4 protein chains.
Amino acid sequence: MRALALNCTLTASPGGSSTELLAQQVLDALAEHGVSGEMVRLVDLNIAPGVKADMGGSDQWPTVRDRILDADILVLATPTWMGQMSSVAQRALERLDAELSETDSEGRPLTFGKVAVAAVVGNEDGAHRISADLYQALNDVGFTIPAQAVTYWNGEAMHTVDYKDLDSTPDKVATATATLAANAAHLAGVLREAAYPAS
Amino acid sequence: MRALALNCTLTASPGGSSTELLAQQVLDALAEHGVSGEMVRLVDLNIAPGVKADMGGSDQWPTVRDRILDADILVLATPTWMGQMSSVAQRALERLDAELSETDSEGRPLTFGKVAVAAVVGNEDGAHRISADLYQALNDVGFTIPAQAVTYWNGEAMHTVDYKDLDSTPDKVATATATLAANAAHLAGVLREAAYPAS
Amino acid sequence: MRALALNCTLTASPGGSSTELLAQQVLDALAEHGVSGEMVRLVDLNIAPGVKADMGGSDQWPTVRDRILDADILVLATPTWMGQMSSVAQRALERLDAELSETDSEGRPLTFGKVAVAAVVGNEDGAHRISADLYQALNDVGFTIPAQAVTYWNGEAMHTVDYKDLDSTPDKVATATATLAANAAHLAGVLREAAYPAS
Amino acid sequence: MRALALNCTLTASPGGSSTELLAQQVLDALAEHGVSGEMVRLVDLNIAPGVKADMGGSDQWPTVRDRILDADILVLATPTWMGQMSSVAQRALERLDAELSETDSEGRPLTFGKVAVAAVVGNEDGAHRISADLYQALNDVGFTIPAQAVTYWNGEAMHTVDYKDLDSTPDKVATATATLAANAAHLAGVLREAAYPAS
């Protein structure tokens, strides 16, 4: 099985990214369940505004979309700004909106059977709400959400420490990441064997 | 398999309830997949404020909780007030928070393997956001969210027509309900056969 | 001028309440600007489900409503459960929904000219989103939101320390509370002198 | 007084935009209160990802920022995608995050005294939640939210009619726009005369 992590940081490569650190930890945890992983930092690409699968011109979403459709598990990883997901994550969701009108020969969205999980970091507050928004958008377009599908870290209110600058990964974050990975790998496996019915 | 619908209307029995109508339509659609269903109107019971599985005294949540734990599929049905879920739905989520500390002999929450879906009605605006909030809270405590797990109806902005007063069920709502039921029944079935791994 | 704080904790009196502590700090800060304050712990009262100003029977919302209408500043104080405001806070908002149909002799809601602010506590994550929800609901029914109208505290992700158990009030929280109070008192004062126009 | 409308459509000029139509209606309504208005369609500009006031290079946010700081009233106008504000609106909020560290000689954010309102359109569902998110983010960085500060239109659930294709402006939308404009103009005027106190 394969996982694709979308790193939705606002920081272009090679800048440091707390989101990348947490997303990589998710991929590492998935690897323990036999899932191979790769990551793309969306801000390095030209993801055109719009709600079609291909907006034409220099739009690079189509290559990202191909990798999503190749994957069994999508890891949506985002920083927290003003308590909300990044505009880069929001852009990715808008582009996934096109999947509502893309179906297989049996009328199912191409995303049916794929599993989506969330990874959220911020120096403060926002993870519950962002995971809510991610679940809704990704579920609407056809992804299944495994039990306890988010790992996250937020610092104490109004502080400015970044996840990537912590001395070590907090135990509770590591535990959440491990549970997420076990559940996502399990669910993607069973859905591969037993596809949703045709509509 | 069994489904339990929590009708989170603010209206006590025997008052009419749009939420009940949509929840019943979900149960009817699940029945077509061999799932037996029952419904409880929470506002008719005394659901105490708090975050324990049993708040003592005249608290009636423990009987609701038993029925949730007996079910394979939880249907959380809520009206929309001020763009948000009802306080009755919020109360139910708070009580489910206790499940985070209730685990089986292998360390898994008792909700693992259960599937949750949402049904949202309102004379206007709110369903996407409410389904987001429901998914997050229910997923946090261990439920799995099948693909396209919400059916909903909202009227045009700032209008006052109720779902129960429509001449007929809109086709798009009926289609969403059917998809939700097929996916929920399928996923609950496969998770019954293949439980999430112990942690 | 007068302020009323609604403490929306789930804990009945005389139980300890972090929400009460933060709400009292807001009232104390408002007092420095000549605003007298009082607080009500809603969970101690019978606030009936529904969306009318008076649901009849033993409903105690009408007395709360009178105190809201007597106040210049409303302080909505809530704990955080599952990343969301409490069901008690949600219930208060539902009851305020009735104000949309209560207007003065010039067609303005009785809430026009009143100022609303938020106080949010939780051992983790949720304050931004809860303040968003509170602003929207309170603004919809006619309250004005002063600049930087929230004070809040959340601990580090997935930790369990309560605000009331901190050794001292964090400086950043104290600063946010002071700014909120200065702005709320100022804005309530100017709106008292210069009412919104009749519609 | 001056108003600036940020049109956060995903559609580049000269494509049709429901968001532009509603934003223009807000500006027209403000003009009746003596407020001059202008609009910028952000997707036509290069608004760099990041959270600084100027991200350098070809970033065009600084010119937008100058116009925001020149205005008394900010109209944030956004379409609804997947129940959420557009990524273009989210990007604008991220850039406004920089205002938290920009203060005048008395320690106040440069946004203090400015008023913000919201205009939201979508062929379905999302306006309450989007106005919540806009209020929170704009209020956090220093804007004041006048009573009933949103005008919006959403069609019936799961339909696809656009606001710009309606035969006429619904009466309820026109009324909401008029109230918003009267309140925003009034509040911006009184805050101009009576600035928030220095901190």
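The values are calculated or read from the model by the stated rules, or taken from the named source; none is laboratory data. Model, not experiment: these values are computed from the prediction. FYI the Cβ positions are ideal-geometry reconstructions off the backbone, even for glycines, and counts take in every protein chain you see.
Structure above, values below:
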| read-out | value |
| --- | --- |
| Condition check for A:A89: outside any loop (DSSP other than H, G, I, E, B), modelled with pLDDT of 95 or more and in contact with a helix residue (DSSP H, G or I) (Cβ under 7 Å, 6 or more places away or on another chain) | no |
| Residue selected from the stretch D:167-192 under the condition farther than 19 Å from D:L74 by Cβ and part of a helix (DSSP H, G or I), by the criterion nearest to the other protein chains (Cβ to nearest Cβ) | D:K172 |
| Residue match in the stretch C:36-51 (condition: assigned to a helix (DSSP H, G or I), at pLDDT 95 or above and within 30 Å of C:S199 (Cα to Cα)) | no |
| Count of the stretch D:1-15 residues which are under 18 Å from D:A92 (Cβ atoms) and either without any contact (Cβ under 8 Å) to a residue 24 or more places away in the chain or crowded, with 17+ Cβ neighbours inside 10 Å (or both) | 9 |
| Candidate set: the stretch D:140-166, residues that are among the polar types (S, T, N, Q) and assigned to a loop (DSSP other than H, G, I, E, B); chosen: the one nearest to C:A116 (Cα to Cα) | D:Q148 |
| Condition broken by B:P62, with the remaining ones in (1) within 30 Å of B:D125 (Cβ to Cβ); (2) outside any loop (DSSP other than H, G, I, E, B); (3) not hydrophobic (A, V, I, L, M, F, W, C) satisfied | (1) |
| Leading residue by the ranking (farthest from C:R65 (Cα to Cα)) among those in the stretch C:141-153 that are more than 7 Å from every other protein chain (Cβ to nearest Cβ) and among the aliphatic types (A, V, I, L, M) | C:V150 |
| B:A132, sole failed condition from (1) more than 12 Å from the chain's Cα centre (by Cα); (2) more than 24 Å from A:A194 (Cα to Cα); (3) outside any helix (DSSP H, G or I) | (3) |
| Residue selected from the stretch A:155-166 under the condition under 16 Å from A:A23 (Cα atoms) and surrounded by 16 or more Cβ atoms within 10 Å (Cβ to Cβ), by the criterion farthest from the other protein chains (Cβ to nearest Cβ) | A:D162 |
| Residue list for the stretch B:106-129, restricted to those being in a strand (DSSP E or B) and crowded, with 24+ Cβ neighbours inside 10 Å | B:V115, B:A116, B:V117, B:A118, B:A119, B:V120, B:V121, B:G122 |
| Members of the stretch A:104-140 found to be over 18 Å from A:A53 (Cβ atoms), at the interface with another protein chain (Cβ under 8 Å from one of its Cβ atoms) and out of contact with any helix residue (DSSP H, G or I) (no Cβ under 7 Å at 6 or more places or on another chain), listed by number | A:E124, A:A127 |
| Where a residue in the stretch D:50-62 is closer than 20 Å to A:L42 by Cα and its partner, wherever it lies, is of a type in the set (S, T, N, Q) and exposed (fewer than 13 other Cβ atoms within 10 Å of the Cβ), with Cβ under 8 Å and at least six apart | D:S58/D:N46; D:D59/D:N46 |
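Residue-by-condition table, conditions (1) aliphatic (A, V, I, L, M); (2) touching a residue at least 24 places away in the same chain (Cβ under 8 Å):
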position	(1), (2)
A:S17	no, yes
A:A31	yes, no
A:R67	no, yes
A:A71	yes, yes
A:G107	no, yes
